[in-house]
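*Asks:* Okay, handing you the structure first.
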Amino acid sequence: MDCTHVKINSPGGNDAELFRNRKGAFSINVQGICDADLTFTNLVARWYGSAHDTRIFENSSLGMDLQIGKAPGLLLGDAGYPCLPMLMTPFANPSTPEQKKYNRAQIVTRCTIERTFGIWKRRFPCMNHLRLKMSTSLIVIVAVGVLHNIARRRNDIFLNDVYEQDEDEPNAINETDRKSTV
């Protein structure tokens with residue numbers, strides 16, 4: 001699980017600055033959860049760019065269902081999320097070999113969502129900057145997520161289906177580190 005920003009034009013109005021993210025661009029912060037096949041199992045596209053990833057998760061229906069035990073499952077998140085019984089995050093300062101090994105495996109596995117976001121945005125370049133009304137933008141984000149899943153399930157391999165680190169993920173490990181841990 002992670003979030004990615006979809007850039008938008010300023011929505012204008014009194015709440016426009018809520019959409020300005022930490023990098024100074026206007027965006028919609030989109031939460032995605034994917035499986036090992038790089039398909040989205042959950043996509044939340046309704047939060048302004050300044051919303052923190054944790055806030056989005058805590059207010060999502062899946063987050064609430066996981067918290068009360070209504071939905072089974074276990075998610076992996078980056079260090080921006082709190083460690084919860086259903087949400088595994090890396091150790092902040094791993095000191096033992098076991099903690100270091102856990103962090104490495106956790107990061108390698110979590111790169112799946114970064115890869116999914118990267119493929120999604122390359123397959124559908126409109127995800128790099130939407131120039132639509134806000135209500136239309138939210139619909140397009142989810143629709144393009146569905147189209148991505150259809151393409152993945154049909155084995156429609158896009159020529160650019162290779163891993164590239166998403167700009168929102170500063171802690172991703174490089175390809176050499178990935179090979180040494182798998």
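The values are calculated or read from the model by the stated rules, or taken from the named source; none is laboratory data. Just so we're clear, the structure is a prediction, and the values are computed from it rather than from any experiment. Cβ placement follows ideal geometry from the backbone for every residue including glycine, while neighbour counts extend to all protein chains displayed. Calculation scope for accessible area: heavy atoms of the full protein, side chains included, ligands and nucleic acids excluded. Shrake-Rupley method; radii C 1.70, N 1.55, O 1.52, S 1.80 Å.
*Asks:* Scanning for something modelled with pLDDT of 95 or more and over 17 Å from Asn42 (Cα atoms), does the stretch 139-146 turn up at least one residue?
*Replies:* Among the residues of the stretch 139-146, not one is modelled with pLDDT of 95 or more and over 17 Å from Asn42 (Cα atoms), which makes the answer no.
*Asks:* Out of the stretch 45-58, which residues are within 19 Å of Val140 (Cβ to Cβ), of a type outside the set (Lys, Arg) and open to solvent by 20 Å² or more (accessible area, probe 1.4 Å)?
*Replies:* Selection gives Trp47, Tyr48.
*Asks:* Taking the options Arg115, Arg104, name whichever one is in a helix (DSSP H, G or I), modelled with pLDDT of 95 or more and in contact with a Phe, Trp or Tyr (Cβ under 8 Å, 6 or more places away or on another chain).
*Replies:* Going through Arg115, Arg104 in turn, just one is in a helix (DSSP H, G or I), modelled with pLDDT of 95 or more and in contact with a Phe, Trp or Tyr (Cβ under 8 Å, 6 or more places away or on another chain): Arg115.
*Asks:* Determine whether the stretch 33-41 contains at least one residue that is loosely packed, with under 15 Cβ neighbours inside 10 Å, among the β-branched types (Val, Ile, Thr) and modelled with pLDDT of 95 or more.
*Replies:* yes
*Asks:* While we're on this one: Among residues belonging to the stretch 122-138 that are over 14 Å from Arg46 (Cα atoms) and basic (Lys, Arg), point out the one that is farthest from the chain's Cα centre (by Cα).
*Replies:* Ranking the candidates gives Arg131 first.
*Asks:* Out of the residues in the stretch 78-101 that are of a type in the set (D, E, K, R) and outside any loop (DSSP other than H, G, I, E, B), state the one that is farthest from Gly32 (Cα to Cα).
*Replies:* Glu98
*Asks:* Which count do you get for residues in the stretch 3-32 that are open to solvent by less than 30 Å² (accessible area, probe 1.4 Å), of a type outside the set (Gly, Ala, Ser) and in contact with a Lys or Arg (Cβ under 8 Å, 6 or more places away or on another chain)?
*Replies:* Qualifying residue count for the region: 3.
*Asks:* I would also like to ask the following. Please specify each residue of the stretch 122-149 satisfying the condition of being in contact with a Lys or Arg (Cβ under 7 Å, 6 or more places away or on another chain) and surrounded by fewer than 17 Cβ atoms within 10 Å (Cβ to Cβ).
*Replies:* Asn128, His129
*Asks:* Tell me yes or no: at least one residue of the stretch 54-64 is aromatic (Phe, Trp, Tyr), at pLDDT 95 or above and farther than 22 Å from Thr89 by Cα.
*Replies:* No, the stretch 54-64 contains no residue that is aromatic (Phe, Trp, Tyr), at pLDDT 95 or above and farther than 22 Å from Thr89 by Cα.
*Asks:* Ok, one more. Looking only at the stretch 65-121, filter to residues that are of a type in the set (Asp, Glu) and within 18 Å of the chain's Cα centre (by Cα); which one of those is surrounded by the fewest Cβ atoms within 10 Å (Cβ to Cβ)?
*Replies:* Applying the filter and picking the extreme gives Asp78.
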